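Read the structure below first, then the notes.
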Amino acid sequence: MLLAGESWAARFEGFQREAWRLETLPQYLMPQEVEEIEAWRNGARVDPHAVSNEYTDRLRRQAAEGRLQGRVHIVTRPLSEYLRFEFHQYYAAHSLAGERIRILDVTERTNPLPDVQDFWIFDHAEVVLMNYHTDGRQISREVYEGDVSPFIEYQRIAVEESVPFEEYVKGLDV
(Lines give C-alpha, C1' and ligand atoms only; values in the text may rest on other atoms or scores of the structure.)
Protein backbone atom coordinates (compact mmCIF):
# COMPACT_ATOMS: atom_id res chain seq x y z
CA MET A 1 0.00 0.00 0.00
CA LEU A 2 1.36 3.41 -0.99
CA LEU A 3 0.93 6.31 1.42
CA ALA A 4 0.32 9.98 0.73
CA GLY A 5 -1.72 12.86 2.04
CA GLU A 6 -4.04 12.18 4.95
CA SER A 7 -3.16 8.48 5.25
CA TRP A 8 0.51 9.46 5.67
CA ALA A 9 -0.21 12.29 8.11
CA ALA A 10 -2.39 9.94 10.17
CA ARG A 11 0.69 7.84 11.02
CA PHE A 12 2.14 10.78 12.93
CA GLU A 13 -1.06 11.52 14.80
CA GLY A 14 -1.89 7.89 15.52
CA PHE A 15 1.28 6.38 16.94
CA GLN A 16 1.11 5.58 20.66
CA ARG A 17 4.73 5.41 21.83
CA GLU A 18 7.29 6.09 19.11
CA ALA A 19 7.76 7.15 15.50
CA TRP A 20 11.32 6.60 14.35
CA ARG A 21 13.18 7.11 11.07
CA LEU A 22 16.40 5.96 9.48
CA GLU A 23 17.84 8.40 6.93
CA THR A 24 20.63 7.22 4.66
CA LEU A 25 20.99 9.79 1.88
CA PRO A 26 23.27 12.85 1.70
CA GLN A 27 20.42 14.90 0.26
CA TYR A 28 16.67 14.87 -0.16
CA LEU A 29 15.23 16.90 -3.00
CA MET A 30 11.91 18.12 -1.69
CA PRO A 31 10.07 20.70 -3.84
CA GLN A 32 8.81 22.55 -0.76
CA GLU A 33 12.41 23.21 0.35
CA VAL A 34 13.70 24.88 -2.83
CA GLU A 35 13.08 28.46 -1.64
CA GLU A 36 14.41 27.75 1.86
CA ILE A 37 17.62 26.23 0.52
CA GLU A 38 18.16 29.19 -1.79
CA ALA A 39 17.60 31.64 1.09
CA TRP A 40 20.03 29.62 3.26
CA ARG A 41 22.63 29.71 0.45
CA ASN A 42 22.21 33.50 0.48
CA GLY A 43 22.89 33.71 4.21
CA ALA A 44 19.43 33.44 5.78
CA ARG A 45 19.57 31.53 9.07
CA VAL A 46 16.83 30.61 11.53
CA ASP A 47 17.12 30.93 15.28
CA PRO A 48 16.35 27.35 16.34
CA HIS A 49 15.06 28.61 19.69
CA ALA A 50 12.47 30.79 17.95
CA VAL A 51 11.10 28.25 15.45
CA SER A 52 7.43 27.53 15.90
CA ASN A 53 5.55 25.83 13.11
CA GLU A 54 3.15 22.93 12.64
CA TYR A 55 5.96 20.37 12.84
CA THR A 56 7.68 21.74 15.96
CA ASP A 57 4.33 22.32 17.67
CA ARG A 58 3.41 18.68 17.03
CA LEU A 59 6.79 17.49 18.34
CA ARG A 60 6.32 19.50 21.56
CA ARG A 61 2.76 18.25 22.04
CA GLN A 62 3.71 14.63 21.45
CA ALA A 63 6.74 14.86 23.75
CA ALA A 64 4.49 16.28 26.49
CA GLU A 65 2.16 13.31 25.94
CA GLY A 66 5.08 10.88 26.26
CA ARG A 67 5.01 9.99 22.56
CA LEU A 68 8.50 10.18 21.13
CA GLN A 69 9.79 10.86 17.67
CA GLY A 70 13.37 10.16 16.70
CA ARG A 71 15.73 9.47 13.84
CA VAL A 72 19.26 8.51 12.96
CA HIS A 73 20.88 10.00 9.88
CA ILE A 74 23.83 8.12 8.43
CA VAL A 75 26.39 10.62 7.10
CA THR A 76 29.91 10.92 5.73
CA ARG A 77 32.20 13.95 5.79
CA PRO A 78 32.55 16.35 4.26
CA LEU A 79 28.87 16.97 4.84
CA SER A 80 26.87 17.69 1.72
CA GLU A 81 25.43 21.15 1.27
CA TYR A 82 22.00 19.68 1.90
CA LEU A 83 23.07 18.15 5.22
CA ARG A 84 24.57 21.45 6.40
CA PHE A 85 21.27 23.12 5.46
CA GLU A 86 19.19 20.41 7.15
CA PHE A 87 21.27 20.46 10.32
CA HIS A 88 21.01 24.22 10.70
CA GLN A 89 17.53 24.96 9.42
CA TYR A 90 15.68 21.87 10.69
CA TYR A 91 17.52 19.53 13.03
CA ALA A 92 18.55 22.17 15.56
CA ALA A 93 14.97 23.40 15.99
CA HIS A 94 13.44 19.93 15.87
CA SER A 95 15.84 18.69 18.52
CA LEU A 96 14.91 21.59 20.78
CA ALA A 97 11.23 20.75 20.19
CA GLY A 98 11.72 17.19 21.45
CA GLU A 99 12.76 15.05 18.50
CA ARG A 100 15.56 12.64 19.39
CA ILE A 101 17.97 13.12 16.51
CA ARG A 102 21.18 11.14 16.29
CA ILE A 103 23.99 11.05 13.72
CA LEU A 104 25.86 7.96 12.58
CA ASP A 105 29.05 9.18 10.89
CA VAL A 106 30.61 6.42 8.79
CA THR A 107 33.43 8.50 7.31
CA GLU A 108 36.20 6.55 9.02
CA ARG A 109 34.41 3.33 9.80
CA THR A 110 32.33 0.60 8.23
CA ASN A 111 28.65 1.39 7.91
CA PRO A 112 26.86 -1.08 10.20
CA LEU A 113 23.70 -0.79 8.03
CA PRO A 114 25.17 -0.76 4.50
CA ASP A 115 22.18 -1.93 2.47
CA VAL A 116 19.30 -0.69 4.60
CA GLN A 117 17.02 1.83 2.92
CA ASP A 118 15.27 4.78 4.52
CA PHE A 119 12.24 3.85 6.58
CA TRP A 120 9.89 4.93 9.34
CA ILE A 121 8.77 2.53 12.06
CA PHE A 122 5.72 3.28 14.20
CA ASP A 123 5.35 1.68 17.64
CA HIS A 124 7.61 -1.21 16.54
CA ALA A 125 4.53 -2.47 14.69
CA GLU A 126 4.37 -0.83 11.27
CA VAL A 127 7.19 -0.05 8.84
CA VAL A 128 6.90 2.42 6.00
CA LEU A 129 9.63 2.16 3.37
CA MET A 130 10.77 5.50 2.01
CA ASN A 131 11.65 5.01 -1.65
CA TYR A 132 13.99 7.53 -3.31
CA HIS A 133 15.92 7.99 -6.49
CA THR A 134 19.68 8.07 -5.87
CA ASP A 135 19.66 11.89 -6.10
CA GLY A 136 17.17 12.16 -3.22
CA ARG A 137 13.94 12.69 -5.14
CA GLN A 138 11.16 10.79 -3.44
CA ILE A 139 9.47 8.03 -5.41
CA SER A 140 6.94 6.77 -2.87
CA ARG A 141 6.13 5.71 0.68
CA GLU A 142 5.15 2.08 0.96
CA VAL A 143 3.74 0.12 3.89
CA TYR A 144 5.99 -2.89 4.41
CA GLU A 145 3.96 -6.09 4.60
CA GLY A 146 6.62 -8.40 6.10
CA ASP A 147 8.12 -9.10 9.51
CA VAL A 148 9.09 -5.86 11.28
CA SER A 149 11.72 -7.49 13.53
CA PRO A 150 14.66 -6.77 11.17
CA PHE A 151 13.70 -3.07 11.25
CA ILE A 152 13.58 -3.08 15.03
CA GLU A 153 17.12 -4.49 14.94
CA TYR A 154 18.20 -1.83 12.40
CA GLN A 155 16.88 0.80 14.77
CA ARG A 156 18.74 -0.72 17.73
CA ILE A 157 22.01 -0.79 15.77
CA ALA A 158 21.57 2.75 14.42
CA VAL A 159 20.87 4.20 17.86
CA GLU A 160 23.66 2.23 19.52
CA GLU A 161 26.24 3.23 16.89
CA SER A 162 25.29 6.93 16.67
CA VAL A 163 25.71 10.05 18.78
CA PRO A 164 23.18 12.73 19.72
CA PHE A 165 22.86 15.48 17.12
CA GLU A 166 23.91 18.18 19.61
CA GLU A 167 27.11 16.30 20.38
CA TYR A 168 27.88 15.68 16.71
CA VAL A 169 27.59 19.32 15.64
CA LYS A 170 29.73 20.78 18.43
CA GLY A 171 32.61 22.46 16.70
CA LEU A 172 31.18 21.96 13.20
CA ASP A 173 30.41 24.93 10.99
CA VAL A 174 26.88 24.06 9.86
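The values are calculated or read from the model by the stated rules, or taken from the named source; none is laboratory data. Here the structure is a predicted model, which means the values were calculated and not measured. For neighbour counting, all protein chains shown are included, and Cβ atoms are generated from backbone atoms with ideal geometry for every residue, glycine included. Note: areas computed on protein heavy atoms with side chains; ligands, DNA, RNA excluded. Shrake-Rupley method; radii C 1.70, N 1.55, O 1.52, S 1.80 Å.
Some notes on this structure:
- Selected residue [within 14 Å of the chain's Cα centre (by Cα), open to solvent by 30 Å² or more (accessible area, probe 1.4 Å), closer than 20 Å to Phe165 by Cα and not hydrophobic (A, V, I, L, M, F, W, C)] from Glu23, Glu81, Glu18: Glu18
- The set of residues in the range 84-101 that are open to solvent by 60 Å² or more (accessible area, probe 1.4 Å) and either free of Cβ contacts under 8 Å to residues at least 40 places away in the same chain or over 18 Å from Glu33 (Cβ atoms) (or both) comprises Leu96, Arg100.
- Of all residues in the range 45-65, those that are under 14 Å from Glu99 (Cβ atoms) have Cβ atoms under 6 Å from Cβ atoms of residues that are open to solvent by 50 Å² or more (accessible area, probe 1.4 Å), 6 or more apart or on another chain, in Pro48/Leu96.
- Selected residue (criterion: modelled with the lowest pLDDT) from residues of the range 82-117 that are under 28 Å from Glu65 (Cβ atoms) and of a type in the set (S, T, N, Q): Gln89
- Some residue of the range 55-78 being more than 30 Å from Ala125 (Cβ to Cβ) and either part of a strand (DSSP E or B) or touching a strand residue (DSSP E or B) at 6+ places or on another chain (Cβ under 9 Å) (or both): yes
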